[in-house]
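One structure is given here, and the rest of the page talks about it.
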Amino acid sequence: MKDDRVLLDHGSGGLATKRLIEEFFLSRLANDYLSRLEDSAVVPVQEGRLAFTTDSYVVDPIFFPGGDIGSLAVHGTINDLAMQGAAPMALSMGLILEEGLMFSELERVAESISQACIEAGVAIAAADTKVVPLGKGDKIFINTSGIGRVPKGLYLGAHRARPGDVVIVSGFVGDHGAAILTARSNLSFGTEIKSDSAPLHALVSAVLERCPSDKIRLFRDPTRGGLATVLNEIAMSSNVCIEIDQDAVPIRQEVSGVCELLGLDPLYLANEGKCVVVVEEDHSQLVMDALSGLALGRHAAVIGCVKELGGVGRPVVTMNTSIGGRRIISMLSGEPLPRIC
Amino acid sequence: MGNDRFMDKQAVQSLIEEIRRLAQRPMRFMEVCGTHTMSIFRHGIRTLLPKEIELVSGPGCPVCVTPVGQIDQMINLSLIPGVAVATFGDMLRVPGSKGSLAEARARGGQVEVVYSPVDALMLAKDQPNGTICFLGIGFETTTPSVAATILQARENRIRNFCVYSTHKLMPPALDALMAEPDLDIDGLLCPGHVSTIIGTQAYGPISEKYGLPCVVAGFEPLDILLGVYMLVRQVVDGRCQVENAYERAVSAQGNERARRVTEAVFEPVGSRWRGLGFIDASGLALREEFGELDARCRFELKEIDIPDPKGCRCSRIIKGIETPGACPLFSNVCTPLHPVGPCMVSSEGTCAAYYKYGGILEEKIR
Ligand code: SF4
């Protein structure tokens, strides 16, 4: 390619735009919806209910160990659908490119989007590209929306946790946040920490197949704000307390090492390929069985349980520490790491 | 997770049992240092201790004891054309009387975040057309590396580098604090890292003067509990000595070499502390021969005296007289996102610890 950077011209809507779209995206993402280049994609409706979600991705840096902004934008939106038990049907994607973005970088991102879609078996049905002047964006921003079909009779939600329920996390926590942090800080810690970015819809459907769906209260993916924030949200929506055991929470040694060094708490670091499952106690083993049979759920663990409101008199999350003490896991108001997704 | 050697649950349990057995009357100990405060919360140590034992947090966070006037001074420095201040990230959001360094940066102030004083010197080398002013802040532990950097700057004749020193000394502050009439404590849990430099010897005079048990402790749960245990023991035995619960890192003499580097560059001067006021010989200023590298000389800075923000109880919290729960602004007006006082921003500030770890609720989850 002779011009090696994105120019304002590429966003003009004219020939340059057409070429950019064809060259980078249509060639890779072609599917029955997108290739028609209509003003909107028409997706056939099935019975049941639709889950519908949107998210914008502004992660910095755009490439990080274990992923990049492209795969993240696909996984993130698939996961938001999956948390409602929905099977993803189609995604839309809006790209905002900053003038001067290297074509080589755009190509890498486009390739990664395409790979992520193929692996997840989900198509991008509608897409749009805009270019903003140098300095008005930061390389590339992506918005994705998604629709998914929710199976009949499936009702999940953060308000459904009840005292006695068991809290499960599907694997190591804090990987994504730690990966971004180390990529950004230029600190090297020996072992490279990879983002856990991955689509979770197959994992969710495996759990729903194994365990009667009315016994499962909710799935939730602990992205920004991490596990601590999600547990607090569940406690508040359900008006219950949650108690977890420090020793039960799976955290990679490298991740706790980085946190130790930088004074962060892995419970607050973002995840992009993990979910929290709350399930009725008697059926928790079924969920664990389903998870441990999957690559993405191999390190799943029961980390705690749901309790009645206790001495504090309002919903709180507490943790039994390794040495036998207790502490409150609060909702953090500050954002320790901006632009992690 | 963490270092299991120091987390050994069984060892913790037996220490707790011993403490429980010994502590037959209420005792109040002050953990001088913010790192202790954080670790105590993080591991839920207070929920393990018997009700008789109260741990209160002291003035051991360098950011929290820096007075508003000096924070304003740092902001003013960042706004001088051609000057960039280089600072540890902790300082960024500490509110001065007219906003923080972060806000100054948004208004065009030059602020660079660095991880060490040497990084700041490197910046100066890389940007020969501007002046880099490093904000020297911290106790005995951090000062030697700043002093070494200043020596390096002089040796390499880096002229576009200087240091604004708000460095402070721990023992004089403890002395002043112990003289406070409102303060009622039975012993001091002394900071491990400062003590690696000053040695346990440094606490001798205070212990003697105020009849106060002092124990130097490390930061792992077992270290802290051992420290508490040794304090309880002293109280029960009616002793008041300086003891060492952190022998693997701290000696009686401390690190003389590090002290010599500091002494070569800095000299003790009277210094203002938030909460504690002016204390003789409690701060460190660059010696006259380093005048060129001293931001105070280079920019002819005068001390600015500004009262603490209205309603903020930091000054009482730093002294361990009140806990954050007593501050009417805590967690409604004052949060880590919108801090009113430094105790809420600094990663080792007492209010930040209480906020982060739900400290005021701790009593109710025992
Ligand atoms: S809560 Fe805020 S205002 Fe109150 S003492 Fe702490 S820092 Fe100051």
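The values are calculated or read from the model by the stated rules, or taken from the named source; none is laboratory data. Every value quoted in this text rests on a predicted model; they were computed, and no experiment measured them. In this analysis, Cβ positions are derived from the backbone assuming ideal geometry, glycine residues included, and neighbour counts consider all displayed protein chains. Just the protein is used for accessible areas: all its heavy atoms, side chains included, with ligands, DNA and RNA removed. Shrake-Rupley method; radii C 1.70, N 1.55, O 1.52, S 1.80 Å.
Some notes on this structure:
- Residue within the stretch B:280-301 that is within 28 Å of B:D184 (Cα to Cα) and either within 16 Å of the ligand (Cβ to nearest atom) or free of Cβ contacts under 8 Å to residues at least 40 places away in the same chain (or both) present: no
- Once the stretch A:110-134 is narrowed to residues that are without any contact (Cβ under 8 Å) to a residue 40 or more places away in the chain and out of contact with any Gly (no Cβ under 9 Å at 6 or more places or on another chain), the residue that is most open to solvent (accessible area, probe 1.4 Å) is A:I118.
- Where strands (runs of 3 or more DSSP E) fall wholly inside the stretch A:245-341, the ranges with 1 or more residues that are within 12 Å of chain B (Cβ to nearest Cβ), open to solvent by 60 Å² or more (accessible area, probe 1.4 Å) and touching a residue at least 12 places away in the same chain (Cβ under 8 Å) are A:301-307.
- None of B:E322, B:E289, B:E300, B:E348 is acidic (D, E) and either in contact with a Phe, Trp or Tyr (Cβ under 8 Å, 6 or more places away or on another chain) or more than 24 Å from B:F139 (Cα to Cα) (or both) except B:E300.
- Within the stretch B:335-348, considering residues that are more than 7 Å from the ligand (Cβ to nearest atom) and touching a residue at least 40 places away in the same chain (Cβ under 8 Å), the one nearest to the other protein chains (Cβ to nearest Cβ): B:S347
- Count of the stretch B:40-60 residues, restricted to those that are more than 11 Å from chain A (Cβ to nearest Cβ) and not basic (K, R), is 10.
- The residues of the stretch B:310-334 that are within 20 Å of the chain's Cα centre (by Cα) and more than 6 Å from the ligand (Cβ to nearest atom), listed by number, are B:S315, B:R316, B:I318, B:K319, B:G320, B:I321, B:E322, B:T323.
Here is a yes/no grid of residues against (1) within 20 Å of B:C33 (Cα to Cα); (2) touching a His at 6+ places or on another chain (Cβ under 8 Å); (3) surrounded by 15 or more Cβ atoms within 10 Å (Cβ to Cβ):
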position: B:G291; (1), (2), (3): no, no, no
position: B:E303; (1), (2), (3): no, no, no
position: B:P307; (1), (2), (3): no, no, no
position: B:R313; (1), (2), (3): yes, no, yes
position: B:I317; (1), (2), (3): yes, no, yes
position: B:F330; (1), (2), (3): no, no, yes
position: B:L337; (1), (2), (3): no, no, no
position: B:G341; (1), (2), (3): yes, no, yes
position: B:S347; (1), (2), (3): yes, no, yes
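- As for the stretch A:207-218, it holds at least one residue that is closer than 17 Å to A:R298 by Cβ, surrounded by 22 or more Cβ atoms within 10 Å (Cβ to Cβ) and in contact with a helix residue (DSSP H, G or I) (Cβ under 9 Å, 6 or more places away or on another chain).
- Looking across the stretch B:17-38, the residues that are open to solvent by 10 Å² or more (accessible area, probe 1.4 Å) and within 14 Å of another protein chain (Cβ to nearest Cβ) come down to B:E17, B:R20, B:T35, B:M38.
- Of the residues A:V240, A:V255, A:V207, the single one that is out of contact with any Asp or Glu (no Cβ under 8 Å at 6 or more places or on another chain) and not polar (S, T, N, Q) is A:V207.
- Test: B:V85 is touching a strand residue (DSSP E or B) at 6+ places or on another chain (Cβ under 8 Å), surrounded by 24 or more Cβ atoms within 10 Å (Cβ to Cβ) and in a loop (DSSP other than H, G, I, E, B): no
- Per the conditions (1) outside any strand (DSSP E or B); (2) out of contact with any helix residue (DSSP H, G or I) (no Cβ under 7 Å at 6 or more places or on another chain), the sole criterion not satisfied by A:L26 is (2).
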